[in-house]
Amino acid sequence: MKITVSATGNTMDSQIDQRFGRAAAFVFVETDTMDFEAIDNAAAASSGGAGIAAAQLVADKDVKAVITGNVGPNAMNVLNAANIGIYKVGALTVKENVELFKKGELERISKTVPAHFGMGNK
Amino acid sequence: MKIAVLSGKGGTGKTTVSASLAYALQSSQYIDCDVEEPNGALFLKPLIKHFAPVNVRVPKVDEEKCDGCGICSRICRFNAIAVVKGKVLIFPEICHHCAACVIGCQQNAIFEVERSIGVIEADAKGRFMQGRLNIGEPITLPIIKQLKQSLRSDIPVILDCSPGASCTVVQTIEGCDYCILVTEPTPFGLHDLKIAVSLVRKMGLPFGIVINKAMQEDQTIQTYCGQHNIDILMEIPYKREIAESYSKAMLPVHTSEDWKYKFVQMYDRIKGGRVS
């Protein structure tokens, strides 16, 4: 199964980024093989609609789940429409989170944070 | 003559200065362009007679024609459209109404619908006007654009800007004949004044400064203006009486002929071009 983790860097050992729309990067991981690919999140610097663009990016990659910290209302709408599960980060690095996800130990999120929550925050 | 009143920092006294000027002049038009929180009406007490909605055009999808290709999402500079599983999701409040999606759609599946984002209110003669953005809306420019279509050319026009020095302020001061920059002797006041000064200089607009809450013991603004060859138009002293009457929506010009005269004099000075 292909999933993605919002991250501050582009490796399996990178730290997670709490922000979804304005995450620095997304690390896409094939859970069976642990093969991964990282993509910089171009939406991180946009003046508006970052969550929508980030959700479009991960939906285009056909992932089944997103592991992240906080998701805003617009991003949540897109992820729900794409039928992508959203899971709250439970550890510091990308790899640890994927391991926890495989064991079914991450909490599923259905609540959003307010719009613009990730703007200017790190 | 069109005079814009801006400040950079919020709360320095833009509305105090612009409403005082509009009140002091025998005949003038006051336009509140601070559409997120217009408050000039508190002081000028107009009788609002006219209401005009401000509408923008946002995209809508004809699902019969749409093939879910996703071009509209990729074309949108403002991330207002997502296409997932062949379904188009539009976020109208983020849309900047550029219609690129309409032009880009190969199936002609996108059309535009009107959407109201605010209202323009005016008194009977249009001598007082204000824009009001609906709560929750992020984009103010269409309201300011529409307000500026009603500027009078036969009497002085005073435009009260929003705080800051971003798009809304640029939109308001563009095409004006003169800018009054209102500031206060605080580190924030000076910091944001410098930003406002660089904006009006970049736009090539003549300007001068009003120091509000001026204090004898703090001459930082005067020093800055001296160093940069900037005219000081007026100083409004830091006084408890002024603050107290302000809290009752009263301006110095309401009760004092002397203050009224000072504002008229300032206008004459600006109009006569006796300021840089």
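For B:VAL54, the stated conditions do not hold, so it cannot be described as surrounded by 21 or more Cβ atoms within 10 Å (Cβ to Cβ), within 30 Å of A:GLN56 (Cβ to Cβ) and within 13 Å of chain A (Cβ to nearest Cβ). Under the condition of being within 20 Å of B:CYS76 (Cα to Cα) and polar (S, T, N, Q), which residue from the range B:102-124 is farthest from the other protein chains (Cβ to nearest Cβ)? So the residue we want is B:ASN108.
The residues of the range B:1-22 that are small (Gly, Ala, Ser) and in a helix (DSSP H, G or I), listed by number, are B:SER18, B:ALA19, B:SER20, B:ALA22.
Going through the range A:85-95 one residue at a time, which ones are in contact with an Asp or Glu (Cβ under 9 Å, 6 or more places away or on another chain) and within 18 Å of A:ASP32 (Cβ to Cβ)? Within the range A:85-95, A:TYR87, A:VAL94, A:LYS95 meet the criteria.
Of the candidates B:GLY104, B:GLY10, B:GLY86, the single residue that is surrounded by fewer than 20 Cβ atoms within 10 Å (Cβ to Cβ) and assigned by TED's automatic domain parsing to the domain that holds B:GLY208 is B:GLY10.
Just wondering, is there one or more residues in the range B:177-188 that are surrounded by 14 or more Cβ atoms within 10 Å (Cβ to Cβ), under 16 Å from the mean Cα position of the chain (by Cα) and farther than 17 Å from B:THR15 by Cβ? Yes, the conditions are met somewhere in the range B:177-188.
When B:PRO185, B:PRO163, B:PRO142, B:PRO92 are screened for being assigned by TED's automatic domain parsing to the domain that holds B:LYS9 and either over 30 Å from B:LYS271 (Cβ atoms) or touching a Cys at 6+ places or on another chain (Cβ under 6 Å) (or both), only B:PRO142 passes. So, B:GLY136, is that one at pLDDT below 95 and farther than 21 Å from B:VAL54 by Cα or not? For B:GLY136, the condition - at pLDDT below 95 and farther than 21 Å from B:VAL54 by Cα - is not met. Considering A:GLU105, A:GLU99, the condition of being more than 10 Å from every other protein chain (Cβ to nearest Cβ) and part of a helix (DSSP H, G or I) is satisfied by A:GLU99 alone. Contact annotation: residue pairs with Cβ atoms under 8 Å, 6 or more positions apart or on different chains, pairing a residue in the range A:85-106 that is under 17 Å from A:ASN70 (Cα atoms) with a partner that is of a type in the set (Lys, Arg), are A:GLY85/A:LYS64; A:GLY85/A:ARG108; A:ILE86/A:ARG108; A:TYR87/A:ARG108; A:LYS88/A:ARG108; A:LEU106/A:LYS88. Take A:ILE52 and tell me if it is within 14 Å of chain B (Cβ to nearest Cβ), of a type in the set (Val, Ile, Thr) and more than 15 Å from A:THR4 (Cβ to Cβ). The answer is yes for A:ILE52.
Scan the range A:100-118 for residues that are surrounded by fewer than 16 Cβ atoms within 10 Å (Cβ to Cβ) and out of contact with any Ser or Thr (no Cβ under 7 Å at 6 or more places or on another chain) and the total you get is 9. I'd like to verify a number: residues in the range B:109-157 that are among the small types (Gly, Ala, Ser) and under 17 Å from the mean Cα position of the chain (by Cα), how many? Looking only at that region, the number is 4.
Kindly indicate which of A:ASN70, A:ASN77, A:ASN10 is more than 9 Å from chain B (Cβ to nearest Cβ) and surrounded by fewer than 20 Cβ atoms within 10 Å (Cβ to Cβ). From the options A:ASN70, A:ASN77, A:ASN10, the qualifying one is A:ASN10.
Looking only at helices (runs of 4 or more DSSP H) that lie completely in the range B:196-267, which have at least 3 residues being surrounded by fewer than 18 Cβ atoms within 10 Å (Cβ to Cβ)?
Counting at least 3 such residues, we get B:220-227, B:240-246.
Could you look through the range B:73-101, keep only residues that are more than 8 Å from chain A (Cβ to nearest Cβ) and small (Gly, Ala, Ser), and pick out the one that is farthest from B:PRO59 (Cα to Cα)? This residue is B:GLY86.
The values are calculated or read from the model by the stated rules, or taken from the named source; none is laboratory data. Because the structure is predicted, anything quoted here is derived from the model rather than measured. Every residue, glycine as well, gets a Cβ built from its backbone with ideal geometry; the counts of neighbours run over all protein chains shown.
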